[in-house]
1. Using the structure shown, decide if B:PRO123 is at pLDDT below 95 and either over 21 Å from A:ILE131 (Cβ atoms) or touching a Leu at 6+ places or on another chain (Cβ under 6 Å) (or both).
2. Which condition number does B:SER112 fail, the rest of (1) crowded, with 22+ Cβ neighbours inside 10 Å; (2) over 19 Å from B:GLY184 (Cβ atoms); (3) within 14 Å of chain A (Cβ to nearest Cβ); (4) of a type outside the set (Phe, Trp, Tyr) being met?
3. Would you pick out the residues in region A:51-69 that are at the interface with another protein chain (Cβ under 7 Å from one of its Cβ atoms) and either within 14 Å of the chain's Cα centre (by Cα) or within 17 Å of A:MET139 (Cα to Cα) (or both)?
4. Output the residue which, of all residues in region B:1-59 that are touching a Pro at 6+ places or on another chain (Cβ under 7 Å) and basic (Lys, Arg), is surrounded by the most Cβ atoms within 10 Å (Cβ to Cβ).
5. Filter region A:142-192 for residues that are buried (at least 24 other Cβ atoms within 10 Å of the Cβ) and either in contact with a Gly (Cβ under 6 Å, 6 or more places away or on another chain) or among the β-branched types (Val, Ile, Thr) (or both); which is nearest to A:LEU49 (Cα to Cα)?
6. So A:LEU114 passes all but one of these: (1) in contact (Cβ under 8 Å) with a residue 60 or more places away in the chain; (2) touching a Cys at 6+ places or on another chain (Cβ under 9 Å). Which condition number does it fail?
7. List pairs: first in region B:146-163 and β-branched (Val, Ile, Thr), second exposed (fewer than 13 other Cβ atoms within 10 Å of the Cβ), Cβ under 6 Å, 6+ apart or cross-chain?
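The values are calculated or read from the model by the stated rules, or taken from the named source; none is laboratory data. Predicted model, so just to flag it, every value in this text is computed and none were measured. Cβ: placed from backbone, ideal geometry, glycine included. Neighbour counts: every protein chain shown.
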2 protein chains.
Amino acid sequence: MKPLVNIIQKQSGAAFTLKKNDILTVIDPMGEQVSDMVLFNAEDHKEKLSSGKSLDFEECMLLTKGHYLWSNRSRKMIEILEDTNGRNDFLLAPCSPETFKIMYNYKEEHPSCLGNLQQHLKPFGIGVDDIPTAFNIFMNVQFDLNGKLSVHPPTSKAGDYIRLQAQMDLLVGLTACSAEDSNGGTFKPIHYHIETEPQHIKRKRS
Amino acid sequence: MKPLVNIIQKQSGAAFTLKKNDILTVIDPMGEQVSDMVLFNAEDHKEKLSSGKSLDFEECMLLTKGHYLWSNRSRKMIEILEDTNGRNDFLLAPCSPETFKIMYNYKEEHPSCLGNLQQHLKPFGIGVDDIPTAFNIFMNVQFDLNGKLSVHPPTSKAGDYIRLQAQMDLLVGLTACSAEDSNGGTFKPIHYHIETEPQHIKRKRS
């Protein structure tokens, strides 16, 4: 049985739980779209995704297939099993209402990944101040050896996906990015599906 | 009057408050030593240093003179006024007991920046889970265009310093780093001093 595909509408978000060993697949259905992902220990939300710990343990800034994302308590949260695009960002915080005011000089309110994460994580008791720097799937942040950063459209094509396996029970926040700058001026949905353990074990055996 | 110099003994830490506009100078007295710094809004500890927000707003990974460090609420926390060495890191989380177990295969307990920050921030009501990725003063993390990270001895010479001006009332955690890997296998103290507003205004006028 193919797992059910969930749709995150453009400039929107979602939150859901994974059991240890569940496999989450995040798909860019149209190409050139970014999805910000944050992780919390489902049993204790004080343990959460840490870019600083992940970059330290993986000794790399560009995390892809074979790498783990780590928590602030130095534990593995999720493993990247597959990554058909291969470029993700783990440097920049999710775009927030202030991103659009300060960096892009917007006068009015603008949807943002932080706002969407906040909205969907609130029912789980998580406040906006507790949302960490996200793992920005498909986000294309280029850097030079002087450390200068620039945001470019993703290299992902329609159907590119990343497949991640939970290393502990997780609460996940996930978005379809709201920033023009991250997705080449377009707004698109993000798709995801979850394989629970019996499903993917069966798949392995068949 | 020269401001009083405070000494952070080797493999140790400190925590203290700054008023808005106070100037903090962090000095490497012997050369090749790292000092991890974390910042909190003194009035509301839920607002704190964010590497993800700082890298985003400054559009740069290598922050030095002229750059600001930003909070998770997208506000400027501190400005770098001077930086005689010019190389700092804002990618890696403070070394923790697990760093030494997982990365260096230590069997016994090892002093760590996270442990020292935890000890000194505890009296202010801050728990270890709430300590963010630090701004690692003098830390020399090299990277290549594939994102590969490697830690090298600091380029700082005896007497090199960084001078930072508080943009809000701050609680500061500061260490003399405990990791062999960050300081070329040696353990050394860190010095710091604070100029309160009347002092540095007087200094400007004289």
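1. Numbers: at pLDDT below 95: no; either over 21 Å from A:ILE131 (Cβ atoms) or touching a Leu at 6+ places or on another chain (Cβ under 6 Å) (or both): yes.
For B:PRO123, the condition - at pLDDT below 95 and either over 21 Å from A:ILE131 (Cβ atoms) or touching a Leu at 6+ places or on another chain (Cβ under 6 Å) (or both) - is not met.
2. (2)
3. Selection gives A:SER51, A:LEU55, A:CYS60, A:MET61, A:LEU62.
4. B:LYS48
5. A:VAL172
6. (1)
7. So the pair list comes out empty.
Here is a yes/no grid of residues against (1) under 22 Å from B:MET168 (Cα atoms); (2) at pLDDT below 95; (3) in contact with a helix residue (DSSP H, G or I) (Cβ under 6 Å, 6 or more places away or on another chain):
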position	(1), (2), (3)
B:ILE7	no, no, no
B:ASN21	yes, no, yes
B:THR25	yes, no, no
B:GLU47	yes, no, no
